[in-house]
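The values are calculated or read from the model by the stated rules, or taken from the named source; none is laboratory data. Since the structure is predicted, the reported quantities are computational estimates derived from the model, not experimental observations. All Cβ positions, even for glycine, are placed from backbone atoms using ideal geometry, and neighbour counts span all protein chains on display. The protein model used for the area step is the full one, side chains on, heavy atoms only, and it has no ligands, DNA or RNA in it. Shrake-Rupley method; radii C 1.70, N 1.55, O 1.52, S 1.80 Å.
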Amino acid sequence: MVYRILVVDDEESVRQVLARFLTRKGFSVFTAGDGPEALDLIKKERPHLMLLDVRMPGMDGMQVLRSARELDKEIGILVATAVSDVDLAKQMMSLGAFDYILKPFDLSYLETTVMAKLFLMTP
Amino acid sequence: MKQELLVKSSACKILVVDDETEMCEVLQCQLNSKNYSVAAVHRGEEALKKLKIEKFQLVITDLKMPGMGGLELLRAIKQVDPEVEVIITTGYGTVEMAVSAMKEGAYHFIQKPFVMEEILTLVEKALEKKELKAVLTVYESSQTIFSNVRLESLLPVIVSTACKILRADDASIMLMGEDGKLGVAAAYGFNDDKYKKDSLALGERVAGRVAQWKEPVLIWGSLAGDSRFSDVTASREVKSAIVYPLIVGKQMMGVLNANRTLRTEPFTNADLHMAGIFGSHISQAIFNAKLYHQLEAKNQELQKTYRQLEEAQERFVQTEKLAAIGQMAAGIAHELNNPLTGILGFSEILLEEAGLSVQQREDLEGILKQSRRCRDIINNLLHFARKHEPHKEPIEILSLLGSTLQLMQYDCSTSGIELLRELPKSAPRIFGDATQLQQVFLNILINARQAVSEKDLKKLLIRIQQESEDVAIHFEDNGCGIPRKNLDKIFDPFFTTKPVGQGTGLGLSISYGIVRQHGGKIEVESQEGVGSRFTIRLPIYVEKGG
């Protein structure tokens, strides 16, 4: 089975690098540059995981997270942001994100945390 | 004013010397009628003897007498007491005689027979001149006195001048202290130092009473014989004393004591009068000196406040600078982290590519390594910029410093650095964020380690000292020191002298910010080639309600 991962980030280079990397690791990857696009893809593609940026024009990461949860109770949400804010991290975690990683991160770390989550999610 | 300066005639003693009894009687009678106190002798030798045991202001002597003549007597008198005025009378004077008499210091030379009016006027003028001369001395000494604006140099001048002017054997000045007691502030002519301990309350002993009464006293002979002081036990033998209160406006400043212990003749009313003139001058001089002192203290206080203001301004500028840079840094850091995610990510992806040459792999690892360095710098910046309230609590500074030093211990021993500690058994607690303070200590220690790296004998000394309101932690190294031109820059953000890649230049400015946030101070002293000392002062924790 191929896991589907949605990458949500307004920065194209971030979307590119994550798509390239995750594709190579054998995932099926979708990318969205803003919140509405992301929610559309969740509805259409039912991704297992979502990598979510926080600071984005229009809907911010927090709003996307809430709406995504309403659409899909199961989706695993990993927040990847440059915003190093303890309160924000706590809030996102309590709303259902399973991790909060700070940019720039090592891809190997990202891979580990993604794999771990998917392992836990597997029935 | 003139009237005031003049001594009442009754206080003036005149000695008449003439071998003719009639002459003596006439003069005695005339002068007595003018309220002068007059003694008469017939021979020069007799006159001299009398002058040695008794004080006279004026001598009227005949020129030609059997035995010691007038001129000879004049010379002898000027040796015994140069202040005595001498009028010479003669029945057959020549110009030469007159000239030589004046040269020897006679006040006047008068030919017999003289009109009584003439001699009375002369006597009056002679005494007036004498008095004016004394007053002149006071005024002259006043100039010296008023030119001394500092009490510590003024008071010795006052007491020595008092001895000279009043012809006293010793003199002292007692000033009213803040405790309301009179204490000896300066003395002249005393053999021992016992008097220095004297401290008198108002009304106590002679000086204390004079200060209380605000009236000068003149004492002849023993205190026992003086009804005002008969209950005071004399501390030593004094033949005569003047104690004069020093008053400016209504303010009692102290008293001037003048004593005759060796000279036989006691103080006269004229001396008391002189003491009055002198006293009013020195009161004013002391008052001025005190004002000057106050002014100086105020001035110093003002200068101190000014320095503090300057320091505060400097700190303010520094803090503002830090805040501005912090805000900017936070913005830039966020902007940089996204592209960095790309650089790091693409490098990692490429590294996983099969078929890379060794060189390509090395180059890629270089990109990765340098990108991670960028990330660390940015993280430091963000940390520096973040405005979070530190978690503060009472901290045992000794144990905090101890655990920090422990972190460094291994590192120091492997780098051959001697880590010396001069720590007290106990130190007061401070109030702060342990993690932040540890960061500061580490930062300074790491800098110190770097500073001593080139030395053969590497030493690092950590000392804790308790000060009145602070705990001071000194970090001393014998390293390369900081060039003078850099000393005022080392707390600036991004200032670094380390090679590129070895320091961000943020460590000390972060430390500065942390220490300031703790209400403390961080200071540096350094000498190039000798070493540096960083001192952190943190306020001692005072328990509320305790």
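Listing for the model above:
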read-out: Count of residues meeting criterion [open to solvent by 60 Å² or more (accessible area, probe 1.4 Å) and touching a Gly at 6+ places or on another chain (Cβ under 7 Å)] in the range B:240-270; value: 0
read-out: Qualifying positions in the range B:487-546 - among the aliphatic types (A, V, I, L, M), crowded, with 20+ Cβ neighbours inside 10 Å and either more than 18 Å from B:Asp470 (Cα to Cα) or modelled with pLDDT under 85 (or both); value: B:Ile490, B:Leu506, B:Leu508, B:Ile510
read-out: Single residue of the range A:30-71 satisfying the filter (within 14 Å of chain B (Cβ to nearest Cβ) and more than 14 Å from A:Met92 (Cβ to Cβ)) that is most open to solvent (accessible area, probe 1.4 Å); value: A:Pro57
read-out: Residues within the range B:81-103 that are assigned to a loop (DSSP other than H, G, I, E, B) and out of contact with any Lys or Arg (no Cβ under 6 Å at 6 or more places or on another chain), tallied; value: 7
read-out: Matching residues in the range B:326-344 - criterion: being within 11 Å of A:Phe105 (Cα to Cα) and either among the aliphatic types (A, V, I, L, M) or away from chain A (no Cβ under 11 Å) (or both); value: B:Leu340, B:Ile343, B:Leu344
read-out: Filter result for the condition that a residue is assigned to a helix (DSSP H, G or I) and under 30 Å from B:Tyr36 (Cβ atoms), over B:Ala312, B:Ala275, B:Ala297, B:Ala285; value: B:Ala275
read-out: Those helices (runs of 4 or more DSSP H) lying entirely in the range A:36-123 with at least 1 residues at pLDDT 95 or above, over 23 Å from B:Leu340 (Cα atoms) and not small (Gly, Ala, Ser); value: A:61-71
read-out: The range A:100-114, subset farther than 15 Å from A:Arg15 by Cα and open to solvent by less than 30 Å² (accessible area, probe 1.4 Å), residue nearest to the other protein chains (Cβ to nearest Cβ); value: A:Ile101
read-out: Verdict on A:Val17 being within 14 Å of chain B (Cβ to nearest Cβ), touching a Leu at 6+ places or on another chain (Cβ under 7 Å), under 20 Å from A:Pro104 (Cα atoms) and open to solvent by less than 50 Å² (accessible area, probe 1.4 Å); value: no
read-out: Among residues of the range B:326-351, those that are in contact with a helix residue (DSSP H, G or I) (Cβ under 7 Å, 6 or more places away or on another chain) and free of Cβ contacts under 8 Å to residues at least 24 places away in the same chain, counted; value: 10
read-out: Residue satisfying all of: in the range B:345-380; facing chain A (nearest Cβ under 10 Å) and under 60 Å from the mean Cα position of the chain (by Cα); nearest to A:Glu111 (Cα to Cα) among these; value: B:Arg375
read-out: Neighbours by Cβ (under 6 Å, 6+ apart or cross-chain): first from the range B:288-304, surrounded by 11 or more Cβ atoms within 10 Å (Cβ to Cβ); second outside any helix (DSSP H, G or I) and at pLDDT below 90; value: B:Ala289/B:Val149; B:Tyr292/B:Val149
read-out: Number of the condition not met by A:Ala80 [criteria: (1) touching a helix residue (DSSP H, G or I) at 6+ places or on another chain (Cβ under 7 Å); (2) within 13 Å of chain B (Cβ to nearest Cβ)]; value: (1)
read-out: Scope the range B:271-287; condition surrounded by fewer than 21 Cβ atoms within 10 Å (Cβ to Cβ) and either touching an Asp or Glu at 6+ places or on another chain (Cβ under 8 Å) or polar (S, T, N, Q) (or both); matching residues; value: B:Ser280, B:Gln284
read-out: Unmet requirement for B:Met65, which otherwise passes all of (1) in contact with a helix residue (DSSP H, G or I) (Cβ under 8 Å, 6 or more places away or on another chain); (2) modelled with pLDDT under 85; value: (2)
